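I have placed the structure first, in the form of structure tokens, so that the comments after it can refer back to it.
The values are calculated or read from the model by the stated rules, or taken from the named source; none is laboratory data. Predicted model, so just to flag it, every value in this text is computed and none were measured. For neighbour counting, all protein chains shown are included, and Cβ atoms are generated from backbone atoms with ideal geometry for every residue, glycine included. Only protein heavy atoms, including side chains, enter the accessible area calculation; ligands, DNA and RNA are left aside. Shrake-Rupley method; radii C 1.70, N 1.55, O 1.52, S 1.80 Å.
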Amino acid sequence: MITDDRQKPGRGRRGTRRGERQGLTQTGGAGDGPRPVWPGMPAGRYQPLPESDLEVIHQGVLAILERTGLSHAPEATVERVVAAGGRLDRGRLCFPEPLVRRALEGMRRNFTLHGQRPEHALRLSSRRVHMGSGGAAPSILDMETRRYRDATLRDLYDAARLVDALPNVHFFSRSLVARDMPDERSLDLNTAWACLKGTAKHVCVSASHPEHVREIAAMCYRLAGSREHFIERPFLSLNINHVTPPLRFAQDAVAVIEAAALHGIPAHANVFGQVGASSPVSLAGSLAQTVAEALAGMIVAWLVNPDALVLFGAKPMITDLRTGAMSGGGGEQAMVMAAATQMAQYYNLPGVSIAGAADSKIADAQSGYEKSLSVVLAAQAGSNLITQACGMQASLMGCALESYVIDNDMLGAILSSLRQVEVSPETLALDDIDRVATGTGHFLGEALTMARMKSDFLYPALADRRPPGEWEDAGSPDIRDLAIRRTRAILQEHAPDHTLAPGPGIEAEFGLQPL
């Protein structure tokens, strides 16, 4: 059963260093031995905000929620919030501090998002890091023509299959919008089905209408065997952008987050305030506004169902103020997302962030440095779920399948950087140093070297470490060429068959497209 882990906000600020030092390697499946990286590695050593500033931002959040509030709240939401101690002022729904404090004390914490197989569980506790996809791009870079085109449902299914086969990508958040779907219902239901059928890992999708939430829930109950089984081990969650910044509820999305709480589907309370456009140009002000907007959605869901599983999705996004366009590849984006992660930890709430939203259009050097910078800081800050960490290009407007394969290597390297240096008599290796220094003169054949070469080091699947001569003899391949070959091989060979208990006729029952 899901454990009731409600805790007072603020207890997660410092973390538990003793717990973080345990488990420098984690054993894989039977016969796998220790692995150098794994889902849920502990992190949180990068903290761009001093603790005193977290309290200052929190006080700003309280002032925004109580004094300014949010406009355009649906009538039913207004009634529910007012009945719980909120108020309507100048047509804006305000959340006084006692209501905010009571909600924060009651919200669910330290819960698990599951996959369709047990090994894909994501434990959202402390500062444990999980890497995933995301983006909802309308376009895909075609591997054959090397030009962008409209994304299709089959492209989405292929992206899910790729993620299913890549070990350093831990969950699949819908990365493409299937432009070949005729209406919103077809889009929402077929997206959920393509993702669930494509990967056994946890799936994050979206819904445009509360009725679609009900139908997605029914699909999940069918796959799980019952509503109770799904709620016990939820393998799908909903990305919900419940606010249109600045401080305006998106009415349809508010109804969706309420429906998710009602039907037992975990929800990501996401807010994308663009710094200098829809939120203040100062990073502190943008952070305070975005946190307030995220908490407002979480409170609404909590009032519908105190047992609702809701993730804190404050995601300030940098704007290139020369053009007004979103820019996901700069140092400011990396820093402010890490600061948002700190606010999740301040409240001791499970947090979800965006990192890896490269501005580059292809998987080139620009893409590599932009993704690495933002994902490294989000991971080192200890974000529980890092979405858009792989596959995305063109400021989230495009996706490239081969980028998943390249980024899988990158994510493995970043996860390796989360490990702490293990200090013990064995790892100091004083006897080995003495013996080798006075003997053979190298450590390559030492027992400790052989024992730890796989448990302590992660070797890239794609990145080329050969000497220049060997690389030239192989035709001087570019990493994109190698990634395209590997992507084609995975899509030809990998056909997941993992859905839990669909029974016959699920496609016809929900009007789903064949895949």
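Computed values, structure above
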read-out: Residue identified as crowded, with 24+ Cβ neighbours inside 10 Å and at pLDDT below 95 among 327, 279; value: 279
read-out: Single match in 145, 77, 152 (criterion: out of contact with any Pro (no Cβ under 9 Å at 6 or more places or on another chain), open to solvent by 70 Å² or more (accessible area, probe 1.4 Å) and either in contact (Cβ under 8 Å) with a residue 12 or more places away in the chain or farther than 30 Å from residue 382 by Cα (or both)); value: 145
read-out: Test result for residue 245, open to solvent by less than 10 Å² (accessible area, probe 1.4 Å) and either at pLDDT below 95 or not in a helix (DSSP H, G or I) (or both); value: no
read-out: Extreme residue, farthest from residue 77 (Cα to Cα), among residues of segment 311-332 that are out of contact with any Pro (no Cβ under 7 Å at 6 or more places or on another chain) and in a strand (DSSP E or B); value: 320
read-out: Residues that are open to solvent by less than 50 Å² (accessible area, probe 1.4 Å) and either free of Cβ contacts under 8 Å to residues at least 60 places away in the same chain or in a helix (DSSP H, G or I) (or both), drawn from segment 413-444; value: 414, 415, 416, 424, 427, 429, 432, 436
read-out: Top-ranked residue in segment 445-489 [being assigned to a loop (DSSP other than H, G, I, E, B) and polar (S, T, N, Q); ranked as farthest from the chain's Cα centre (by Cα)]; value: 476
read-out: Qualifying positions in segment 39-64 - under 29 Å from residue 112 (Cβ atoms) and assigned to a helix (DSSP H, G or I); value: 51, 54, 57, 58, 61
read-out: Enumeration of residues in segment 204-238 that are buried (at least 22 other Cβ atoms within 10 Å of the Cβ) and either polar (S, T, N, Q) or within 30 Å of residue 275 (Cβ to Cβ) (or both); value: 204, 205, 206, 207, 237, 238
read-out: Count of segment 94-126 residues which are closer than 29 Å to residue 221 by Cα, in a strand (DSSP E or B) and open to solvent by less than 20 Å² (accessible area, probe 1.4 Å); value: 2
read-out: Checklist (1) open to solvent by less than 10 Å² (accessible area, probe 1.4 Å); (2) modelled with pLDDT of 95 or more; (3) in contact with a Pro (Cβ under 7 Å, 6 or more places away or on another chain) applied to residue 85, failing item; value: (1)
read-out: Answer from 474, 508, 451 - the residue that is closer than 30 Å to residue 233 by Cβ and among the aliphatic types (A, V, I, L, M); value: 508
read-out: Filtered residues of segment 389-412 (kept if open to solvent by 10 Å² or more (accessible area, probe 1.4 Å) and touching an Asp or Glu at 6+ places or on another chain (Cβ under 6 Å)); value: 395
read-out: Options 269, 340, 296, 292: the member that is assigned to a strand (DSSP E or B), closer than 22 Å to residue 101 by Cβ and either in contact with a Leu (Cβ under 7 Å, 6 or more places away or on another chain) or not aliphatic (A, V, I, L, M) (or both); value: 269
read-out: Qualifying position, being within 22 Å of residue 107 (Cα to Cα) and touching a Pro at 6+ places or on another chain (Cβ under 7 Å), among 304, 275, 271; value: 271
read-out: Test: residue in segment 363-381 that is touching a residue at least 12 places away in the same chain (Cβ under 8 Å), over 23 Å from residue 36 (Cα atoms) and of a type in the set (A, V, I, L, M, F, W, C); value: yes
read-out: Condition met for residue 53 (open to solvent by 30 Å² or more (accessible area, probe 1.4 Å) and modelled with pLDDT under 55); value: no
read-out: Test: residue in segment 156-176 that is free of Cβ contacts under 8 Å to residues at least 60 places away in the same chain and out of contact with any strand residue (DSSP E or B) (no Cβ under 6 Å at 6 or more places or on another chain); value: no
